[in-house]
1. Taking the condition open to solvent by 20 Å² or more (accessible area, probe 1.4 Å), at pLDDT below 95 and in a helix (DSSP H, G or I), does D117 pass?
2. Looking at R95, R101, R135, can you tell me which residue is of a type in the set (K, R) and touching a helix residue (DSSP H, G or I) at 6+ places or on another chain (Cβ under 6 Å)?
3. What single numbered condition from (1) open to solvent by less than 40 Å² (accessible area, probe 1.4 Å); (2) within 19 Å of the chain's Cα centre (by Cα); (3) under 20 Å from R3 (Cβ atoms) fails to hold for S164?
4. Which of the residues that make up segment 120-134 are open to solvent by 40 Å² or more (accessible area, probe 1.4 Å) and either in contact (Cβ under 8 Å) with a residue 40 or more places away in the chain or over 22 Å from P10 (Cα atoms) (or both)?
5. What are the pairs, 6+ residues apart or on separate chains, where a residue within segment 83-110 that is free of Cβ contacts under 8 Å to residues at least 12 places away in the same chain has its Cβ under 9 Å from a residue that is of a type in the set (F, W, Y) and surrounded by fewer than 18 Cβ atoms within 10 Å (Cβ to Cβ)?
6. With a cut-off of at least 3 residues that are open to solvent by 20 Å² or more (accessible area, probe 1.4 Å), name the helices (runs of 4 or more DSSP H) lying wholly within segment 2-101.
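The values are calculated or read from the model by the stated rules, or taken from the named source; none is laboratory data. These numbers come from a predicted model, not from an experiment. Glycine also receives a Cβ, built like all others from the backbone with ideal geometry; neighbour counts cover every protein chain displayed. Quick note on the areas: whole protein, heavy atoms, side chains included, nothing else; ligands and nucleic acids left out. Shrake-Rupley method; radii C 1.70, N 1.55, O 1.52, S 1.80 Å.
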Amino acid sequence: MARRHQSLVPLSRDHRAALALAFRLNHPSPPGPATAVTPPSTPASRARAVLDFFTAHLAGHFRAEEEVLFPAIALVLLPDAPAAALLRVLVTEHRRLEALRDAIADALAASTHAGEDVLLAPLEEFAGTLERHVRREERELFTAFADLLPEPAASALGPRIDASLAAG
């Protein structure tokens, strides 16, 4: 696997954490006695984990991409370039993940009356969408980054991405 441009490393770290969340959603620990190694996994606990992760990581990650990374790449692209279409797809996926976050929050609230089964479909869709999105960014956008954005513009993005992520 090719190394990521240094400017993209913080975003790739977030991607690894997002893939770990998607894995845990797709492969929850079985119900049973809770231990330090195997905490209980219920649809409600997984839903809370998604909402917490979104607040702590994905909201800032999306902002860094949409306000810093994507505009910098878009500036050097023709509107009909394949990478321009990819940027539009990635933003659409961000909006879809936000909608799924909201659906999970609504289902979590409803689960107190309707049962935790109402959480299963939105959790499954969120996990699949998140995994596909991260893999698309890593395999398509990040591998093409050095060809899309010349130095020193690529390196200049690093501090801006870091600042955006630090802003929360």
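1. The answer is yes for D117.
2. R101
3. Unmet condition: (3).
4. Going residue by residue through segment 120-134, those that are open to solvent by 40 Å² or more (accessible area, probe 1.4 Å) are 120-121, 124-125, 131-132.
Of everything in segment 120-134, those that are open to solvent by 40 Å² or more (accessible area, probe 1.4 Å) and either in contact (Cβ under 8 Å) with a residue 40 or more places away in the chain or over 22 Å from P10 (Cα atoms) (or both) turn out to be L120, A121, E124, E125, E131.
5. none
6. 9-26, 43-53
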